[in-house]
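Asks: Shown below is the structure under consideration.
Bear in mind these aren't lab numbers, they're just calculated from the coordinates by the rules spelled out. Remember, predicted model here, so these are calculated numbers, not experimental data. FYI the Cβ positions are ideal-geometry reconstructions off the backbone, even for glycines, and counts take in every protein chain you see.
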Amino acid sequence: MKTLYVKFIVVTIGMMFISFILAFLISNIHYQKTLKPVNDQKNTKVALDIASFASEHPNLNLKEYLESISLVGYQLYLVDTDGNEFFFGEPFRDKGLSDSTKQSVLNGTIFHGILQFPQKTFVTGFFANELKNTIGVPLKYNGESFALFVRPDIKFLFNEMHILFGWILVLAISLTIIMVIINTKYLVKPISKLTKATKLLANGNYKVEFGIARHDELGELSHSFFRMARKLEQIDDMRKEFISNISHDIQSPLSNIKGYTNLLDNNSISKEETTKYISIINGEIRRLSTLTEQLLLLASLDRDEEFMVKKLFNVGQQLKELIRNYQWAINEKGIMLSYTLPDIELLGDPSLLETVWDNLLSNAIKYNKPNGSIEIVIEAREGSIFVTFEDTGIGMKDTELERIFDRFYRADVSRTRTIEGTGLGLSIVATIVKLHGGNITVKSKEKEGTSFIVELSHGDRSLASK
Ligand code: ADP
């Protein structure tokens, strides 16, 4: 398997080579189009200067003169009308040159070998040490005709400075490659750490530590990963707690039912005892049924909000009907109930919102004192609807208030032991309100009472499916 590390290095070095080839091709085009004619002109001028100097100084020893020119960095070839040839300076690698070329130069034509040198050799044509790659000029010396071919000695031109620049280039490339190798390791290391951490996480180990203290995108990624691991740990803890709570809440009514049915099996128990035990068994069955209904509802709410069917309905009317259903329980406890329920339309899921009001009202009754009071008010203000349930019940401590929306949470058992409940009602209420984009707040004082305020927006009426 190719690691990211190797891939990164190969790609970077590959890119360097591609850039090098592209730069070579581009500079070749530049040489062919711009530099080659300039180079040709420059060397033509040099060759003409050499020839005219020789013509103007007939007393000068031509061969010695050309020899001295070769010493300052030129390769020269001299040929006379009889075909006698003389070379000065570094020897040419390829001495091939057509007789017709020599003849035409002897006849007075200038030969532009540098300009005509074949393009296919790219910029390297500049370095080609060939007789064809020269400038040929006619030379008159003491009445005799010569053809002089000149080209700069590239080896000579490439002096210490050029070698130094060459070394700088080689060093720069080598150092870049070394730095790419080191830097890639630095870049890839956190990814390897994250991969290791992901594997640990997949095996259920949430206590992953990777010590990546960076402030770039990778730092951000590891930070998010760390947060995700913590969140997953919390969810896993919640799941375990949830299962243990359900098991307990199902197990305890079941063992009660088992215990009382065993007692009922005994023929010696009285009629009153039988009635009492059956009533207890019925109560436990009711508890189990409520629990499963609530769990099913929670599971549906958790799945998605698709299952909500929103429509416009009269929330005041809905609450009045609910109160009617609870009238017997209210009367039984001697509770005074007052309400202000104007006809207000709301866009929402009527059946889910009924569950909300049902839970809040049943709690206000359950946790009220005998002869206490309950007040229910609907108000429309600031584009929202506020539904308040206020009771003069047992109230709650601040520490309890913080947890009442948690699943299975029931406040101080000593106070609520005798009251039936599962601890799921308020978490269902909070989930439904949240699904409606609303908000629920609670205020409570121990032994004095509690008020729940549900805030819902009127809703976009155009969405209503009547
Ligand atoms: P339960 O099934 O126990 O009523 P809930 O989720 O409805 O579960 O409520 C959670 C806890 O919050 C209750 O057990 C109770 O201790 C407390 N609580 C809820 N409503 C009130 C209220 N109106 N007054 C006092 N305590 C309340």
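Asks: Among all the lysines, which ones have a C-alpha under 28 Å from Lys102's C-alpha, if same-chain residues fewer than 8 places away are not counted?
Replies: Lys33, Lys36, Lys42, Lys45, Lys63, Lys120, Lys132, Lys140, Lys155
Asks: Would you compute the Debye intensity of the chain from its alpha-carbon atoms alone, equal scatterers and no solvent, and pass along log10 I(q)/I(0) at q = 0.09, 0.12, 0.13 Å⁻¹ to two decimals?
Replies: -0.83, -1.09, -1.17
Asks: On C-alpha positions alone, give me the angle between the axis of helix 4-30 and the longest principal axis of the chain, in degrees, nearest 10.
Replies: Tilt relative to the chain: about 40 degrees.
Asks: Over what distance in Å are the Cα centres of the range 186-224 and the range 243-282 separated?
Replies: 54 Å
Asks: Mind pulling the angle between the C-alpha long axis of helix 36-56 and the longest principal axis of the chain? Nearest 10 degrees, somewhere in 0 to 90.
Replies: Helix 36-56 and the main axis of the chain meet at about 20 degrees.
Asks: Let me ask something else. Using Cα atoms only, what is the angle between the long axis of helix 425-435 and the major principal axis of the chain, expressed in degrees (0 to 90) to the nearest 10?
Replies: For helix 425-435, the angle is close to 40 degrees.
Asks: Please list the three semi-axes, largest first and in whole Å, of the ellipsoid equivalent to the range 307-465, using sqrt of 5 times the eigenvalues of its alpha carbon gyration tensor. Provide the component values of the computation, followed by the final result.
Replies: Numbers: eigenvalues 137, 62, 37 Å².
The answer is 26, 18, 14 Å, longest axis first.
Asks: Sticking with this one: Length gain on complete extension for the stretch Val442 to Ser351, per 0.36 nm per residue less the alpha carbon to alpha carbon distance?
Replies: On the way: separation 91, 0.36 × 91 = 32.76 nm, distance 2.26 nm.
Gain on stretching Val442 to Ser351: 30.5 nm.
Asks: Also, quick follow-up: Mind putting a number on the dipole of the range 307-465 about its Cα centre? Charges go on the C-beta only, +1 for Lys and Arg and -1 for Asp and Glu, and I need it in Debye to the nearest 20.
Replies: Details: 19 positive and 22 negative charges, 70 e Å.
It works out to roughly 340 debye.
Asks: In addition: Which percent, nearest 5, of DSSP beta bridges in the chain are antiparallel?
Replies: Details: 47 of 53 bridges.
If we restrict to bridges inside the chain, about 90 percent are antiparallel.
Asks: At a threshold of 8 angstrom on Cα-Cα distance, excluding pairs fewer than six apart, so keeping six or more, what relative contact order does the chain reach in percent? Before the final figure, lay out the partial values.
Replies: Working: 570 pairs, mean separation 46.1, N = 466.
Contact order relative to length: 10 percent.
Asks: Right, something else. Take the residue pairs Lys397/Lys443; Lys276/Lys333; Lys7/Lys189; Lys193/Lys240 and return only those whose Cα atoms are more than 18 Å apart.
Replies: Numbers: Lys397/Lys443 10 Å; Lys276/Lys333 21 Å; Lys7/Lys189 14 Å; Lys193/Lys240 29 Å.
Among Lys397/Lys443; Lys276/Lys333; Lys7/Lys189; Lys193/Lys240, the Cα-Cα distance tops 18 Å for Lys276/Lys333; Lys193/Lys240.
Asks: If you don't mind, there's one more thing I want to ask. For Lys231, go through the aspartates and glutamates and keep the ones whose alpha-carbon is under 16 Å away, minus same-chain ones fewer than eight residues off.
Replies: Straight-line reach from Lys231, under 16 Å: Glu209, Glu241.
Asks: Okay, moving on. Would you kindly state how much longer the chain becomes between Arg286 and Met161 on full extension, computed as 0.36 nm times their sequence separation minus their alpha carbon distance, in nm to one decimal?
Replies: Values: separation 125, 0.36 × 125 = 45.00 nm, distance 9.88 nm.
Additional length available on full extension: 35.1 nm.
Asks: Among Arg381, Arg410, which comes first, then next, by fewest other beta-carbon atoms within 10 Å?
Replies: On the way: Arg381 8, Arg410 19.
Listed from fewest to most nearby Cβ atoms, that is Arg381, Arg410.
Asks: If you don't mind, another one. Fewest first, what order do Glu220, Glu455 take by the number of other Cβ atoms within 10 Å? List each step's numbers first, then the result.
Replies: Details: Glu220 11, Glu455 19.
Final ranking by Cβ density, sparse to dense: Glu220, Glu455.
Asks: Efficiency by 1/(1 + (r/R0)^6): what FRET value for Ser279 and Glu321, r their Cβ-Cβ distance, R0 = 22 Å, to the nearest 0.05? Before the final figure, lay out the partial values.
Replies: Numbers: r = 29 Å, r/R0 = 1.31.
The computed FRET efficiency comes out at 0.15.
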